[in-house]
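Note sheet for the following structure.
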Amino acid sequence: MIEKSIEESIVLSIFDLANQLKKIGDEVYQKVGLTTQQWLILLHLADNPNLPFFKRETHKKALMASELADSLNVSRANITNLINVLLEKNLVRQYEDANDRRKKRLELTKEGLELLNRTQPSRLAVIMYLTEGFSQEEKETFLRFIEACMNKVTNEDEKIKSFHQLLVEV
C-alpha cells in the first residue's frame, strides 16, 4: 500500500499543475493558431527574462534550434517541426550565423513580436490570478524551491538515474 507523504504529494502536485497549465496554454494559444510549445519558442526568441533557460544560459547571439530543443527538452526532429510551422506562419526568421554559416540562428519577425504583444495581457492575467493571495515572500520561497528542484533534475541526472536501480523486477 502506498503511504501518504508530503514529499510525494509535492512532486505529484507539480506534475498535475504542469499538466493543467499546458491544457490552459493549449486552449489559449489554439485561438491564435499555435501550440503551447510554439508559443514557448516565441518567448525564448523574445528573450523573456523570466524563462529559467536564461537564468542557466547566457546568450549574446540569437538562439539556434539546438538550444531551443535543449531548453524545451524535446528532440531535434520535434524542434525542427515546431520551428518549420513558425517559419511558415512568418512568426520567426532563420538566418546564417555571421561567423559559421553552418549554424542557423532564429529571431522573431515583426508578426511574431506583434502576436506575443497581443497575447501578453491574457497571459499576464492568468499569471496574476494564479499567484494572487500569496505574499512576495511566499512567491520567492516557492520560486527558490522550484529552482532547487530543477537544479537537481538538470545537474544531478546521474544521481537521479541511480535510483532506478531500486526498481524491483516483477
Checklist entry - If you take the residues of the stretch 121-163 that are more than 18 Å from GLU7 (Cα to Cα) and aromatic (Phe, Trp, Tyr), which of them is nearest to the chain's Cα centre (by Cα)? => result TYR129
Checklist entry - How about the stretch 34-61: which of its residues are open to solvent by less than 30 Å² (accessible area, probe 1.4 Å) and assigned to a loop (DSSP other than H, G, I, E, B)? => result LEU34, ASN48, LEU51
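If I go through the stretch 82-94 residue by residue, how many of them are open to solvent by 60 Å² or more (accessible area, probe 1.4 Å) and either at pLDDT below 95 or not in a helix (DSSP H, G or I) (or both)? Before you say what the answer is, go through the steps one by one.
Pass one, the stretch 82-94, residues open to solvent by 60 Å² or more (accessible area, probe 1.4 Å): 84, 88-90, 93-94.
Those left that are additionally either at pLDDT below 95 or not in a helix (DSSP H, G or I) (or both): 89-90, 93-94.
Of the residues in that region, 4 qualify.
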Checklist entry - In the stretch 116-134, how many are open to solvent by less than 50 Å² (accessible area, probe 1.4 Å) and not hydrophobic (A, V, I, L, M, F, W, C)? => result 3
Checklist outcome for this item: Cβ pairs under 7 Å, 6+ apart or interchain, first in the stretch 123-134 and touching a residue at least 60 places away in the same chain (Cβ under 8 Å), second assigned to a helix (DSSP H, G or I), ordered by first then second residue, are VAL126/ILE24
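For (1) open to solvent by 60 Å² or more (accessible area, probe 1.4 Å); (2) assigned to a helix (DSSP H, G or I); (3) touching a strand residue (DSSP E or B) at 6+ places or on another chain (Cβ under 6 Å), each residue gets a yes or a no:
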site	(1), (2), (3)
GLU67	no, yes, no
VAL74	no, no, no
ILE79	no, yes, no
ALA98	yes, no, no
GLU114	yes, yes, no
LEU143	yes, yes, no
ALA148	no, yes, no
Checklist entry - Using beta carbons and a limit of 6 Å, which pairs, at least six apart or on different chains, have the first residue in the stretch 7-28 and open to solvent by 60 Å² or more (accessible area, probe 1.4 Å) and the second one in a helix (DSSP H, G or I)? => result LYS22/THR36
Checklist entry - So VAL153 clears everything in (1) open to solvent by 70 Å² or more (accessible area, probe 1.4 Å); (2) touching a helix residue (DSSP H, G or I) at 6+ places or on another chain (Cβ under 8 Å); (3) modelled with pLDDT of 90 or more; (4) hydrophobic (A, V, I, L, M, F, W, C) except one condition, right? Which one? => result (3)
Checklist entry - Do we have GLU7 as modelled with pLDDT under 90, acidic (Asp, Glu), part of a helix (DSSP H, G or I) and over 16 Å from the mean Cα position of the chain (by Cα) here? => result no
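The values are calculated or read from the model by the stated rules, or taken from the named source; none is laboratory data. Fair warning: this is a prediction, and the values are worked out from it, not measured in the lab. Note that we place each Cβ from the backbone using ideal geometry, even for glycine, and neighbour counts take in every protein chain shown. Accessible surface areas use protein heavy atoms only, side chains included; no ligands, DNA or RNA. Shrake-Rupley method; radii C 1.70, N 1.55, O 1.52, S 1.80 Å.
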